[in-house]
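Everything on this sheet refers to the single structure shown next.
The values are calculated or read from the model by the stated rules, or taken from the named source; none is laboratory data. Just so you know, these numbers come straight off a predicted model, no measurement behind them. Glycine also receives a Cβ, built like all others from the backbone with ideal geometry; neighbour counts cover every protein chain displayed. The protein model used for the area step is the full one, side chains on, heavy atoms only, and it has no ligands, DNA or RNA in it. Shrake-Rupley method; radii C 1.70, N 1.55, O 1.52, S 1.80 Å.
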Amino acid sequence: MTHLFILANGGANGTNLDPIYDEVLFWILAILAVCAALAMILVRQAVHCALMLAVVMLSLAVMYAMQGAPFLAFVQVIVYTGAVLMLFLFVIMLIGISNRESLKETISGQRLWAGLGGFGLVVLLIVGVGHAALGTAAPTTSANNTNNLTGLAQLIFTTYVFPFEITSALLITAALGAMVLAHRERTTPKLTQRDVARAKIASGQVAPEPPPGVYALHNAVDMPAMLPDGTTAARSVSRAVAQRDVDLGRGDRQVQITADLEAEERIETERQLEAGAAGRDEA
Amino acid sequence: MTTLAATGVLRASWLLLAFPVFGAAVLLLGGRRTDKWGHLLGVLMSLASFVYGVIAFFTLLSYPASERSRDLHMYSWIPVNGFQANMGILLDPLSICFVLLITGVGSLILIYSVGYMAHDTDRRRFFGYLNLFIAAMLLLVLSDNYLGLYAGWEGVGLASYLLIGFWQFKPTAAVAAKKAFIANRVGDAGLSVAIMLMFAEFGTVNFTGVFAGVKSSGSGVGLALGLLLLLGACGKSAQIPLQSWLLDAMEGPTPVSALIHAATMVTAGVYLMVRSNPILAQSADARMAVAIVGAVTLLFGAIIACGKDDIKKSLAGSTMSQIGYMMLGAGLGPAGYAFAIAHLLAHGFFKAGLFLGAGSVMHGMDDEVDMRRYGGLWRILPITFVTFGLAYLAIIGIPPFSGFFTKDPIIDAAWESGGTQGWLLGGAAIIGAGITAFYMTRMMLMTYFGARRWETEGVLGGAGAHPATPEPHVPHPHESSPVMTWPMIVLAIGSVGAGGFLIINNRLDGFLAPVVGAVPAPHGLWSWPGGIALVLVVLAMGVAWTMYGRVPVPAVAPRGSVLTRAARADLYGDAFNESVLMRPGQWLTRLSVYFDSRGVDGVVNGLAATVGGSSGRLRKVQNGFVRSYALSMLIGAVLLVFGLLVVRL
Amino acid sequence: MSPAAYVFLAVILFAIGGVGVLIRRNAILIFMSVELMLNACNLAFVAFSRMWGNLDGQVVAFFVMVVAAAEVVVGLAILMAVYRAHKSASVDDANLLKY
């Protein structure tokens, strides 16, 4: 752990613990990040993509720490991975989870040219960057002898205060914008409690109906549920359970149960009806 | 001879132009309101001009011979710095001769037309056009500069077009009018280039200025001017190579043929040549060209006239031939100018007489022109026969009639021009005289003698305002009314006496000598070439009699020899024009059209098609998929980075 | 490790994110690829800040994170609205603006 701390602060203060740690860690993280990024763009399920992105972001956070930006590393983990990515996941849950994206590409030549373009970009930029003399890590200036956080704070609130203010305005605007976009306009007037009560009494059913299960006669896991019209819901039995029946050689058991249940229900209904009719006749 | 200003009576010489202009204006602008008295006004205006012309003539005669050139300045036409052109009238012996001819013969023909066009509803328009013609012709001969002459030149061309196509509902007439105008235009181009050359060389287009300048400018300019003026004259006078329009011009009414295409307009070319004699004096080659054109045309026209059965077309060929004589005379220099004018004046009389006689015959034959349908008319149309006969004797050159006196000096001058030239020109003139006698005798025999073929075969008509009848019918010929016969009689008197009057005692060449120069070696009335010509004439009359007098004339033209067929086809003049001029022009036009529609339009349409096609393909790029747009952005970014790196590294 | 190596890694991640934008059809996954690209940029910034020896790069990376968060919020809200209207999150379904 201390290594990490030293690493985190080491880059900022110019005292590297051991260059080998640096390099090994870098290579591991680099390969991990690249593989995760490739996986992100290639897997089918959206949730998996989000998780791969999380891997990339976390490895980047460690790299920030290695480069002497510990504050940025923690912000990356907390804000980026923890908030933004989770937001992504929420939206995927809302929208994208049932969409199985087909692998067939609709636009001809898109994949080929996208791949070529990306490859070309990589080659060109590496050539360009390689030509530039980037040198090694420079020693930090005296103004940065305080720790990373204080230094950042000094910069943000003096040199970069104007962008800071604008960014805050941006955030407010973004929040408002999201609210506006997500807002759904009411098409019907909002029902007050008085309206609800009125409606209830008018319909004749004041008390709520008993929740499901009150009139249930069975609660075994392999008994299908009863629908209001007296038939059974075959989908209420888990497929695994139904499969067990088939495996055990009594494949028609569900059918038998269904028939029994429906017969039971009919008898019960008729009895109640007769009782009700007799009760009325008496009264 | 120096030109003096006009004084006294001559100061009113603008009346010569004003009368016919006024007549034309009233008749053409007045419209149908003037129909009832229009023809009378036309005749009156022409007679008024004639009367003034006579007065002017005698006034000129009263001056001494060196003072007979009088100029009247009417108004300043183009007063531009560096170029002055005025409207002025030059009255001198040459122009006064033409004035008398135009107004005199013109008035006679106008009187004749009152009767000839009596049944035509457009008679008033006819007289309006004729007055317009007279005005333009007078401007041509009276103008004192080449530009005014050109204005008159164009005016007579216009009048000729209007009058040939007078019956504009006849397609043949409209086509003939267009042909005449276009052939004239070619000649006019030569004349206008000559005027431009004059202005370029001398800075003026006045007669006096040009004639003074050409003396000092050398023979090159003289040759160029001479040849260009010759081209203009060929167009107007129907000489080779611009002769094809004259025979087609017979589509017009007969008075038009008589006045314009016999007596006056076609002689305008000769006037131009004679007036420009100082220019021709500078270049012997130009004179030679004029003489050769004249000689060739006189033979050409005579041969054509032999093969034509249409009386008017035969007379037109004769006109072409006689003007060839005049041109030949004009090309012989001072030896021939005066005689060319003499022949011109005499020709005016007898050719007009011949045409009016032909018109009288047509009038009686229900507008039939085919001589094969005539025959034996001398008893029925006696006055016509006598006047026609006198004009016939005049044209073939039987003494003592006009043609003998006026043709022989030209033949003599041609013969005496010396050397091979003399043999060729003189020989051509003599042979031409013989052929003239042949076709004129043929015409007389077919028309007035022999069996009455119109009684047995009938006529079809069609040369007038009414179309031809589908079946031949028998006409009822009768002598024409006095209003038609009296002009013919007057012209017959002229045919008889004009030649002798002009030539005997060197009257005309003395009168014209101040203008055209004196005849170098005047000779008597008899000469060897003249004698040979007379013998040839009598022989030709005999040959014609054996062919057409002794044997009956078939009503349907027989196939004939090669020469006959060639003569019927105008010696292939039309065929030549078509193949040498029209067809290449047509190919050129078609090529231009092809080039325009394929080349130019092809480029333009091809451009549009390229844009349309490429845009049709390019629009597919916008396929609506955001991802493909993003891909193009990525590719663009990659290319940008590549470019940046290439530049910087 | 020299900053160059980090920058190379950032380039690679950036390119992978870019290709991901182009390949995936689900709008959320495209968004996530954009987030990957932003993260790659952040890595580059931090590497450059280490190269120069001051904290400016880190400040910029911090701001990038803030802005990215705001962007995600608004973007996902838009996505939700679109999904409610069309019942589909596929980007290819909005292809009416074509030739």
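Between the range C:61-99 and the range B:94-161, what is the C-alpha centre distance in whole Å?
After rounding, the separation between the Cα centres reads 97 Å.
Assuming a ≥ b ≥ c are the square roots of the Cα gyration tensor eigenvalues, decide whether the range C:3-86 counts as rounded (a/c under 1.5), prolate (otherwise, with a/b larger than b/c) or oblate.
Oblate, since a/c reaches 1.5 and b/c is not below a/b.
Is any helix in chain B, taking whole DSSP H runs, at least 30 angstrom long along its axis by alpha carbon and on average at least -1.0 on the Kyte-Doolittle scale, and which ones?
The qualifying helices are B:38-62, B:93-116, B:171-202, B:284-307, B:334-364, B:419-448, B:482-503, B:626-648.
Taking the range A:138-228, which trypsin sites (Lys or Arg not before Pro) meet the DSSP loop condition and have no more than 10 other C-beta atoms within 10 Å?
Answer by residue number: A:Arg184, A:Arg186, A:Lys190.
Give me, ordered by chain and number, the residues 5 or more places off B:Ala85 or on other chains with an amide H under 5 Å from its own placed amide H.
Counting only residues 5 or more places away or on other chains, the set is B:Trp77, B:Ile78, B:Val80.
Going by average Cβ density within 10 Å per residue, which order do the peptides B:70-79, B:200-209, B:594-603 take, highest to lowest?
Details: B:70-79: 14.8, B:200-209: 17.8, B:594-603: 11.1.
Highest-to-lowest ranking by the protection proxy: B:200-209, B:70-79, B:594-603.
Show me you know the interface measure: the accessible area buried between A and C, both chains summed, probe 1.4 Å, in Å² to the nearest 100.
Summed over both sides, the interface buries about 6800 Å².
Per-residue mean of other chain beta-carbon atoms within 10 angstrom of the beta-carbon, peptide B:633-639?
On the way: counts 4, 12, 6, 1, 5, 12, 3.
Mean partner-chain Cβ count within 10 Å for B:633-639: 6.
How would you rank B:486-492, B:466-472, highest first, on the average number of other Cβ atoms within 10 Å across their residues?
B:486-492, B:466-472
In the structure shown, do any of B:Lys179/B:Lys236; B:Lys178/B:Lys308; B:Lys351/B:Lys407 have a Cα-Cα gap over 18 Å, and if so which?
In this structure, B:Lys178/B:Lys308 exceed 18 Å between Cα atoms.
If you take each beta carbon of peptide C:56-69 and count the beta carbons of other chains within 10 angstrom, what is the mean?
For this peptide, the per-residue mean of nearby foreign Cβ atoms is 6.
Take each of the peptides B:217-226, B:87-96, A:217-226, B:126-135, average the number of other beta-carbon atoms within 10 Å over its residues, and list them starting from the highest.
Highest mean packing first, the order is B:126-135, B:87-96, B:217-226, A:217-226.
Of A:Phe162, B:Phe19, which has the most accessible area with a 1.4 Å probe, and how do the rest follow in descending order?
A:Phe162, B:Phe19
Roughly how many Å² of B:Val553 are accessible to a 1.4 Å probe, to the nearest 10?
20
Averaged over C:32-44, how many beta carbons belonging to a partner chain fall within 10 Å of each residue's beta carbon?
5
Under 5 Å between amide hydrogens, which residues at least 5 positions from B:Ala451 or on another chain qualify, with H placed 1.01 Å from N in the peptide plane?
B:Val553
Please give the solvent-accessible surface of B:Ile493 in Å², to the nearest 10, using a probe radius of 1.4 Å with every protein chain present.
Looks like 110 Å² after rounding.
Please work out whether the range B:227-357 counts as rounded, prolate or oblate from its C-alpha gyration tensor, where a ≥ b ≥ c are the square roots of the eigenvalues and a/c under 1.5 means rounded, while otherwise a/b larger than b/c means prolate and anything else oblate?
prolate
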